[in-house]
Every structure is written in structure tokens, then in C-alpha cells.
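Data first, discussion second: the structure below is written as C-alpha cells.
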Amino acid sequence: MGMIVMEHDNEHVIPGEELYNRYITGNNEAFEKIVEMYKDELYYFIYGMVHDYHESKQLMIEAFAQLAVSNKFARKSSLKTYLFAIAKNLAIRYVKMRKNKEYIPYEEITDVLMDEGDTVESLIEREDDRRYVQEAMRSLKEEYYTVLHLLYFEDMSYIQAGKAMNRSVKQITDLAYRAKLALKKKLESDGFTYD
């Protein structure tokens, strides 16, 4: 495990550490070989922790991405051990986030827009209107802009946004409610009409 034969090296077996050395000196093909060498085993390792096909694929990609930009591989262990440690940390973080995720009733979050439907969310989700909505958001109070950006443009959950802003989920829910009201008022004052 952890070794591969590269065509131009004929019959020499090249360990992952050597491929990584080649990669950091500019050989991008070497990194492709690293991915090929470890991807299947890494995927099954992550899947064993998160039990989700899609998330395992995403976490595997993120682990390789971190390896690609990292300069922390100190060669005190094998490249495989280092890569799998990155993946383990990502998987643990994902599992903790999933366990801690609090689900808030949809009505509680969006009752400000019940009469109008979910107009603000619809605008944010429509590609044509996103830029316009972002411009309107920039005119809001900083905390309103931040909470809307985290929730709708960074796709954070309410609990994640709360951690980022150092607020409770209840506070984030209230803040998002007021921010959507302010955004709706701003859009209407600018003459924006909803479809």
C-alpha cells in the first residue's frame, strides 16, 4: 500500500512520500497519482465514520484538497497516515456538526413572510436576483447582513451561524427574522417587485 509505479520510472516503485515531494516541487501529475493511490481506501475509511455516500465523497475531496495546499506534512509519519489523519478530523467534525444540528420548525423561521410567501428566500435562491439582493443586503445593519449572508450564501444552519456570530440559536432565529423584515422593506423601498 502507498506505492505506485510511474511509467517514466520503469520498474521503480515510488512511495507516496516521494510522489508528494515531486508534487511540491511542481509536478502536478504526481498529485494525481497520490489521489489514484489512496482514493478508494480513503473513501471507505470516511464512509465507515459518516455512513453517507455523498458526504463521504465530499469529505474525501476536501481531505485531498487540504493535503494539496498543506505545508504541514513533516514526514514524521507516512503520507498515508497524514492524509488519513486529515480525513479523520474532517469526518469527526462532520459527525459532531450533524449531531449538534438543531432543527427549527420552518414556520418559526419564516412566519414573517407567511402573508407574502417565502419571497426573500425565493429571491436569494434565484440566480438572476442574487446580485440585486446582495446589493440591498449591504445597506442593512452589519449584523443583519452577516446573518443573511451566513444562512443563505454560505448555506450554514442556524446553529452554525450562531457559533460563527457567538449567538444562541434562538438569538440567530430572532436576528434572521428582523434581518429579513429589513431586507424586504429595503427591496420594496427600492421599487423591487416580486414575481
- What about SER168, is it open to solvent by less than 90 Å² (accessible area, probe 1.4 Å), touching a Phe, Trp or Tyr at 6+ places or on another chain (Cβ under 9 Å) and either among the basic types (Lys, Arg) or modelled with pLDDT of 60 or more (or both)? no
- Item | Of all residues in the range 171-195 being within 20 Å of SER139 (Cβ to Cβ) and open to solvent by 70 Å² or more (accessible area, probe 1.4 Å), the one that is modelled with the lowest pLDDT | THR193
- Query: In the range 24-41, is there at least one residue being at pLDDT below 90, open to solvent by less than 90 Å² (accessible area, probe 1.4 Å) and β-branched (Val, Ile, Thr)?
  - Reply: no
- Message: Condition check: modelled with pLDDT of 90 or more, open to solvent by 50 Å² or more (accessible area, probe 1.4 Å) and of a type in the set (D, E, K, R). Does GLU7 satisfy that?
- Response: no
- Report whether or not MET137 is within 21 Å of ARG178 (Cβ to Cβ) and at pLDDT 75 or above. yes
- Query: What residue, of ASN71, ASN100, is at pLDDT below 75, in contact with a helix residue (DSSP H, G or I) (Cβ under 9 Å, 6 or more places away or on another chain), exposed (fewer than 14 other Cβ atoms within 10 Å of the Cβ) and within 30 Å of LEU148 (Cβ to Cβ)?
  - Reply: ASN100
- Task: Would you please list the contacts, defined by Cβ atoms under 6 Å and residues six or more apart or on different chains, that run from a residue in the range 24-53 that is free of Cβ contacts under 8 Å to residues at least 40 places away in the same chain and part of a helix (DSSP H, G or I) to a residue that is surrounded by 15 or more Cβ atoms within 10 Å (Cβ to Cβ) and aliphatic (A, V, I, L, M)?
- Result: ALA30/LEU19; LYS33/ILE4; LYS33/LEU19; MET37/ILE4; TYR43/MET60
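The values are calculated or read from the model by the stated rules, or taken from the named source; none is laboratory data. These numbers come from a predicted model, not from an experiment. A quick note on method: Cβ atoms are made from the backbone with ideal geometry, for glycine too, and the neighbour counts reach across all protein chains shown. For the accessible areas, the whole protein counts, side chains as well, though only heavy atoms, and no ligand, DNA or RNA atoms are used. Shrake-Rupley method; radii C 1.70, N 1.55, O 1.52, S 1.80 Å.
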